[in-house]
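Data first, discussion second: the structure below is written as structure tokens.
The values are calculated or read from the model by the stated rules, or taken from the named source; none is laboratory data. For clarity, every value in this text was computed on a predicted model and none was experimentally measured. Reconstructed Cβ throughout: ideal geometry from the backbone, glycine too, with neighbour counts over all protein chains shown.
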Amino acid sequence: MRLSGARLPDRLVELTEQAPQNLAYVELADGAHESGRLTVGQLADRAARLAGQLRERGLGSGDVALLIATPSLEFLVGLWGCMWAGVIAAPISFPRRPEHLQSRLAPVRENAGATAIVAGPPTGEAETTVLELLSAGQVPVVSTAAEGDPAAAPEWNDIAYLQYTSGSTGDPRGVVVTQDALMANLAVIERLLEFGDDSVNVSWCPLTHDMGLIMGALPSISRGITSVLMPPSAFIRRPLTWLRAIDHYRGTHGYSPNFGYDLCVDRSTPEERAEIDLSSARCLINGAEPVRRRTRDRFIEAFGPSGFRPSAHVPAYGLAESSVLVSATSLTAPGSVFYVEAEALERNEVVFGDGPEAGVRELVACGRLGAGYEGVIVDPDDRTVLPTDRVGELWLRGPSVCAGYWKRPEASESVFGATTTAGDGPYLRTGDLAFFHDGELVICGRLKDLIIINGRNLHPQDLELSVELSHEAVRSGGTAAFPIDELDAEVVVVLAEVDGTPDEAEVGEAIRSAIRREFEVTVSDVLLVPPYTVPKTSSGKKQRGAARELWAKARGREEPAAI
């Protein structure tokens, strides 16, 4: 349904007036069975009632409330209730471990300056305890299920919400997502992903993450479509629940980091795949971490008999600081794969090879930038714009770029206010190393994760792929390579998840041999760990800094060396 509202809250009001019966959300709490539904009219009514409760508590336009991740429908009621009251929501996840309450949630509450907590009814004693500790008896907890009179009229704020970036700990950074930037990005999403009136979202990505929220849920209001949502835990336990939901609801659009596609292949049988019909899928986004050609090919081969079209696997690139989506490949053809000489890449040079052979790196393109974006490749040290045959940091500007970090003026100026040596700007510094080829964006890795050995620039994802292919016991997507300081030099350490109880010496030697053979680099240490040990964000991004801390603790190091 085409809507004319200039901002997302306007779209909700317009949609409520025109089609209140439209099904906005379906919730699958266990990934398989419906646990709830929300029509547009029900969402608006509950949001207005929550807004009324917030105003009774004295909250108004510009105040900040922590929005605790609860079941999907309660979370969305909380988000819209905050927006209806003009309150700025700061979505956060329930801590996975007790120590995260102080290390992660408390710093976010302090930075946000939250004057209330919005959450769904606690589902157990643990959640009740977390809410009590987080509120500390000083900040009221407002339930999304609270009854009361609805707020008479919405009081929209220019700021839609604060997106705390993945892995925030002692120095949390809340991206200020404005209504204007959000609407600009939703327009980019609609065009690049070719949404239509018959589109159906099916997403397992967390709503506290930019991809899960903006791409997986908000098009229900911006475009008037239905979104089917399940929690990440349901997908991780049984990956095929996502694909079965696409089949059942005739989903057209879905979202997952690269590792999710590997999970779907690794934890399914040909017989199970034969029972799934994926012919409705037009666009399954692969984003939030480096896209691998091998992952794409395996998924297409495995689920081709299920009716999955190769062109429906869509590599994409985005980041919270630019709302979310920046680029995506065409929905009419599989994404491009480029073969680049490894030695040249280590010098930040782009020299194309003939194909997959020794000494060549495979890089999957993430398509063209969305309308309105301008991207340049810049030397991160001297801020000069680089030619097309060089790798540098991707700098962006465009209407989807957000307003900065909440109460972090210096960081905002550094990241959002970059200018080139020629004085051109301001640009957003993405922190991602990349190059453009024939208009397509090719991401090479994260600047902060770069491993520099004897003057060579090594990208950890390249090493990690070799590790995962070195021995059958090593789990796909369950590795982390990172540098440490040893005797005044940087050396490489590998953390690797393994299945079962393989011979540690045999696996360790296989890993060392693979890295030595392919990269001519000696691995200083290999730590084998059980499945699901390598730290990742809620959206599946590897947290290599946290992996390094885990390794340091296991090896009795007082603290890991800074990267």
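Is it true that some residue in segment 110-123 is modelled with pLDDT of 90 or more and at positive phi? Among the residues of segment 110-123, at least one is modelled with pLDDT of 90 or more and at positive phi, which makes the answer yes.
Here Ala496 meets the list (1) surrounded by fewer than 23 Cβ atoms within 10 Å (Cβ to Cβ); (2) in contact with an Asp or Glu (Cβ under 9 Å, 6 or more places away or on another chain); (3) not acidic (Asp, Glu) almost entirely, failing just condition (1). Residues in segment 248-268 that are free of Cβ contacts under 8 Å to residues at least 40 places away in the same chain and over 20 Å from the mean Cα position of the chain (by Cα) were compared, and the one that is farthest from Asn286 (Cα to Cα) is His248. Given the structure, is Ser470 touching a residue at least 24 places away in the same chain (Cβ under 8 Å), loosely packed, with under 15 Cβ neighbours inside 10 Å and more than 27 Å from Tyr317 (Cα to Cα)? For Ser470, the condition - touching a residue at least 24 places away in the same chain (Cβ under 8 Å), loosely packed, with under 15 Cβ neighbours inside 10 Å and more than 27 Å from Tyr317 (Cα to Cα) - is not met.
Scanning segment 386-413 for residues that are hydroxyl-bearing (Ser, Thr, Tyr) and modelled with pLDDT under 95 yields one hit, Thr388. With respect to (1) part of a helix (DSSP H, G or I); (2) surrounded by fewer than 20 Cβ atoms within 10 Å (Cβ to Cβ), the lone exception for Ala29 is condition (1). Selection of segment 412-428 for residues being over 21 Å from the mean Cα position of the chain (by Cα) and either more than 15 Å from Glu374 (Cβ to Cβ) or in the same structural domain as Asp171 (by TED's automatic domain parsing) (or both) yields Glu413, Ser414, Gly417, Thr421, Gly423. For segment 201-217, a residue qualifies if it is more than 15 Å from the chain's Cα centre (by Cα) and hydrophobic (A, V, I, L, M, F, W, C), and exactly one does: Val202. Residues that are within 28 Å of the chain's Cα centre (by Cα), in a loop (DSSP other than H, G, I, E, B) and surrounded by fewer than 13 Cβ atoms within 10 Å (Cβ to Cβ) within segment 372-392 comprise Asp381, Thr388, listed in sequence order. Looking across segment 293-310 at every residue that is charged (D, E, K, R) and surrounded by 14 or more Cβ atoms within 10 Å (Cβ to Cβ), the one that is nearest to Thr269 (Cα to Cα) is identified as Arg298. When segment 478-537 is limited to residues that are outside any helix (DSSP H, G or I) and among the small types (Gly, Ala, Ser), the one that is nearest to Ile451 (Cα to Cα) turns out to be Ala481. Out of all the residues in segment 432-449, is one or more over 22 Å from the mean Cα position of the chain (by Cα), of a type in the set (Asp, Glu) and over 28 Å from Arg267 (Cβ atoms)? Yes - at least one qualifying residue is present in segment 432-449. Tallying residues that are farther than 18 Å from Pro91 by Cβ and in contact with a Phe, Trp or Tyr (Cβ under 6 Å, 6 or more places away or on another chain) within segment 203-233 yields 2. Just wondering, is there one or more residues in segment 11-22 that are out of contact with any Asp or Glu (no Cβ under 6 Å at 6 or more places or on another chain) and free of Cβ contacts under 8 Å to residues at least 12 places away in the same chain? Yes, segment 11-22 contains a residue that is out of contact with any Asp or Glu (no Cβ under 6 Å at 6 or more places or on another chain) and free of Cβ contacts under 8 Å to residues at least 12 places away in the same chain. No other residue among Asp149, Asp158, Asp180 is over 20 Å from Gly370 (Cα atoms), touching a residue at least 60 places away in the same chain (Cβ under 8 Å) and surrounded by fewer than 20 Cβ atoms within 10 Å (Cβ to Cβ) apart from Asp149.
Find all pairs meeting these conditions: Cβ atoms under 6 angstrom apart; at least six residues apart or on different chains; first residue within segment 332-355 and under 17 Å from Glu393 (Cβ atoms) and in the same structural domain as Pro310 (by TED's automatic domain parsing); second residue polar (S, T, N, Q) and surrounded by fewer than 18 Cβ atoms within 10 Å (Cβ to Cβ). Filtered contacts from segment 332-355: Glu346/Asn457. Right, Gly224: more than 20 Å from Met211 (Cβ to Cβ) and surrounded by 20 or more Cβ atoms within 10 Å (Cβ to Cβ) or not? For Gly224, the condition - more than 20 Å from Met211 (Cβ to Cβ) and surrounded by 20 or more Cβ atoms within 10 Å (Cβ to Cβ) - is met. Each residue in segment 133-171 was checked for being over 30 Å from Leu12 (Cα atoms) and at pLDDT below 80, and 10 pass. Inspect segment 459-471 for any residue being among the hydroxyl-bearing types (Ser, Thr, Tyr) and touching an Asp or Glu at 6+ places or on another chain (Cβ under 8 Å) and give the result as yes or no. Yes, the conditions are met somewhere in segment 459-471.
With respect to the conditions (1) in a helix (DSSP H, G or I); (2) assigned by TED's automatic domain parsing to the domain that holds Pro172, Val13 lacks only one, and its number is (2).
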